[in-house]
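Input: a single structure, listed below in structure tokens.
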Amino acid sequence: MGIIGEPYFDINFDDFFYLTDTGRRWDGHRVSIRDKMPQQGQWDREGLTFRSTKDIIKVANQERLPGRIMITVHPQRWSNSLFSWTAELILQNVKNIVKRIIVRKTKNY
């Protein structure tokens with residue numbers, strides 16, 4: 001299938017800027033349990049933390065985005081249907097509660 005690696009293990013994030021829509025927002029690293037990069041503090045200081053897609057577009061138009069970017073998106077979370085969007089929101093919140101419980105239990109071992 002041409003797979004050459006696992007992005008989270010095989011990419012040096014000193015060389016790649018990382019964007020993800022975790023938490024239905026581009027600055028989801030602040031609330032994420034897993035999606036954290038040690039480089040985030042540097043990216044924050046450089047003004048590379050974004051709340052909205054419009055913020056990313058603005059910085060791209062200013063040619064301030066790094067040259068190498070890894071983007072992770074969850075397309076099932078982006079819906080114009082209120083029913084689909086709400087169902088995904090509820091499901092994701094339930095999953096987040098379960099993840100928090102698991103993380104707490106593994107920290108106690």
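The values are calculated or read from the model by the stated rules, or taken from the named source; none is laboratory data. Just so we're clear, the structure is a prediction, and the values are computed from it rather than from any experiment. No Cβ is skipped: glycine too gets one built from the backbone with ideal geometry, and neighbour counts run over all protein chains shown.
Tabulated results
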{"quantity": "Residue under evaluation V73, criteria (1) β-branched (V, I, T); (2) in contact with a strand residue (DSSP E or B) (Cβ under 9 Å, 6 or more places away or on another chain); (3) at pLDDT below 80, criterion not met", "calculated": "(3)"}
{"quantity": "Test: residue in segment 46-57 that is modelled with pLDDT of 90 or more, surrounded by 12 or more Cβ atoms within 10 Å (Cβ to Cβ) and among the aromatic types (F, W, Y)", "calculated": "yes"}
